[in-house]
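Following: one structure in structure tokens, then a few remarks.
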Amino acid sequence: MENVQRESECIYLNFLSKKIEFNQQFEDQQRQIEQNKKKQEQKLSIILNL
């Protein structure tokens, strides 16, 4: 019984680890999207001001 609980805990910790990793990647992607968006807005602003 103790082995089953330990295995369950390992599975859960692995799940949490993957979830954290996924969330970090998602946040990184969101930051990248925002940065790209700002760059595009700056380029557009430059073009419109020509």
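With no solvent and one point per C-alpha, what does the Debye sum give as log10 I(q)/I(0) for the chain at q = 0.16, 0.32 Å⁻¹?
Debye intensities relative to I(0), on a log10 scale: -0.63, -1.01.
Helix 2-48 versus the longest principal axis of the chain: what angle, 0 to 90°, nearest 10, using Cα atoms?
Result, in degrees: 0.
Name the aspartates and glutamates eligible as straight-distance cross-link partners of Lys38: C-alpha to C-alpha under 20 Å, and not fewer than 8 places from it in the same chain.
Glu27, Asp28
Full extension from Lys43 to Gln5: what is 0.36 nm times the residue separation minus their Cα-Cα distance, to one decimal in nm? Please list the in-between numbers first.
On the way: separation 38, 0.36 × 38 = 13.68 nm, distance 5.66 nm.
Length gained, Lys43 through Gln5: 8.0 nm.
Gln30 to Leu16: extension gain in nm, 0.36 nm per residue of separation minus the Cα-Cα distance?
On the way: separation 14, 0.36 × 14 = 5.04 nm, distance 2.07 nm.
Value of the extension gain: 3.0 nm.
FYI, it's all coordinate maths here, none of it is from the lab. As the structure is a prediction and not an experimental result, all values here were calculated from the model.
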